[in-house]
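Inspection log for the structure reproduced underneath, given as structure tokens.
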Amino acid sequence: MKSNETLALLDVVKRDLAETKGQLLESAFTGHKLLAEQTCEPGELPLATLLFAAASLGEYRSKELKPVAVGLELLRLAVEKHYRTESNDGFAKNLFLVTADYFYAQAISLAAALKKGFVVEHMARAIADIAEVESSRGKGEGLNDGKNASLCKAAANLGIKLGGCPPNLADGLVRFASLLGRVHQNRERAADALKLLPATQGRLLENLLSMQFC
């Protein structure tokens, strides 16, 4: 890829990430007063970044990708709410669970609107995998690793399918996503996996190595 094409792609992804963040805030926190009271800055968007980078290895279509990106980040927010452990207050716990359910529903609704069954399938599978990790390992560090890995792999696989990523690059990307989900244990291995991807996508993904996941 020529340098001007690289810059053009990076600019498009940067724009799409900014628009995704705006749509995420609207989808997550404007449906009810109680949601508005929980409004927070979503910060970086690791799953959207993975999705966009994966899709850019094939055919990048912003219009199709952005709703999926918002849906994935809603899943991330939902999981963070669902499995919070710091509050012993009954009302707060119930509020977190209700909020998580709302985020789950919003995410699936956005995915279903695309009328591509595999998008909903990957999201639902990630939710199921996280629930399985929670039930088998309990809460704590193991759960954080499991949920991050499930979400990262879902984002990468959806980007691969939506963009039509070549198989030889898809394998490396899924490996990176899996390692990224457990980045505090596998930072060097994830960085090595990143080197196998084209330089443009490497630039998009390298900041994720220092990102704080939910």
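Would you mind computing, in nm to one decimal, how far apart the modelled labels at residue 114 and residue 189 are, each placed 7 Å from Cα along Cα→Cβ?
With each label point 7 Å from Cα toward Cβ, the separation is 2.9 nm.
Per residue, how much accessible surface does the range 89-130 expose to a 1.4 Å probe? Answer in Å², no decimals.
Numbers: 2230 Å² over 42 residues.
Result: 53 Å² per residue.
Please list the non-local residues whose amide H lies under 5 Å from the amide H of residue 114, H modeled 1.01 Å from N, same-chain partners needing a gap of 5 or more.
When sequence neighbours closer than 5 places are left aside, there are no close amide H contacts.
The values are calculated or read from the model by the stated rules, or taken from the named source; none is laboratory data. Note that the structure is predicted; figures quoted are calculated from it, not measured. Positions of Cβ are generated from backbone atoms using ideal geometry, with glycine treated the same way; all protein chains shown enter the neighbour counts. Please note that ligands, DNA and RNA were not included when accessible areas were found on the heavy atoms of the full protein model with its side chains. Shrake-Rupley method; radii C 1.70, N 1.55, O 1.52, S 1.80 Å.
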